[in-house]
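Engineer: One structure, as structure tokens, below. Some questions next.
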Amino acid sequence: MSIVGHFINDKVVDIHSRLQDIYNPATGGVIRQVAIAPKSITEASIAAAQAAFPEWRDTPPVKRARIMFRYKQLLEGHADEICCLIGQEHGKIMHDAAGELQRGIENVEYAYGET
């Protein structure tokens, strides 16, 4: 069974204090597990975010917009996969999952000023 870990500093950290089952609400079956982070991993994650923020803050707005635009392209390019994951984890049918994804994409567009 796959374990959803913690993505910190460009790598998955699989240190955990315990695991929690993730259920597919449509079937009731366990589809994967999520690693519950101990305090040390939570603190490492916060420290990584704090260390990364100054560089992001100092990135020119046009470059940040390009990064967000690329993120939008990735979301659109992987829409089927993302919708399947939304369905598995939230019990939504594909049509509803596509609507959720579209609302997320609209938020990304707003963040980089396309709207």
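The values are calculated or read from the model by the stated rules, or taken from the named source; none is laboratory data. No experiment lies behind these values; they were computed from the predicted model shown. For neighbour counting, all protein chains shown are included, and Cβ atoms are generated from backbone atoms with ideal geometry for every residue, glycine included.
Engineer: Please list, ordered by first then second residue, the pairs with beta carbon atoms under 8 Å, 6 or more apart or interchain, first in the stretch 56-77 and among the small types (Gly, Ala, Ser), second not in a helix (DSSP H, G or I).
Structural biologist: Sorted first by the residue in the stretch 56-77, then by its partner, the pairs are ALA65/GLY113.
Engineer: For VAL34, only one of the following conditions fails: (1) farther than 30 Å from MET94 by Cβ; (2) touching a residue at least 24 places away in the same chain (Cβ under 8 Å); (3) in contact with a His (Cβ under 9 Å, 6 or more places away or on another chain). What is its number?
Structural biologist: All conditions are met except number (1).
Engineer: Here is a follow-up. Could you list, in sequence order, all residues of the stretch 106-115 that are part of a helix (DSSP H, G or I) and either under 21 Å from PRO25 (Cβ atoms) or among the charged types (D, E, K, R) (or both)?
Structural biologist: Answer for the stretch 106-115, where residues must be part of a helix (DSSP H, G or I) and either under 21 Å from PRO25 (Cβ atoms) or among the charged types (D, E, K, R) (or both): GLU106, GLU109.
Engineer: On the given criteria, is GLN73 more than 25 Å from ALA111 (Cβ to Cβ), polar (S, T, N, Q), assigned to a helix (DSSP H, G or I) and assigned by TED's automatic domain parsing to the domain that holds TYR112?
Structural biologist: Answer is no for this residue.
Engineer: A further question on this structure: Among the residues of the stretch 75-105, which ones are farther than 17 Å from ALA26 by Cβ, more than 14 Å from the chain's Cα centre (by Cα) and of a type in the set (A, V, I, L, M, F, W, C)?
Structural biologist: Result: no residue meets the conditions.
Engineer: Being outside any loop (DSSP other than H, G, I, E, B), loosely packed, with under 14 Cβ neighbours inside 10 Å and among the β-branched types (Val, Ile, Thr) is the filter; apply it to the stretch 9-66 and report the residue that is nearest to the chain's Cα centre (by Cα).
Structural biologist: VAL12
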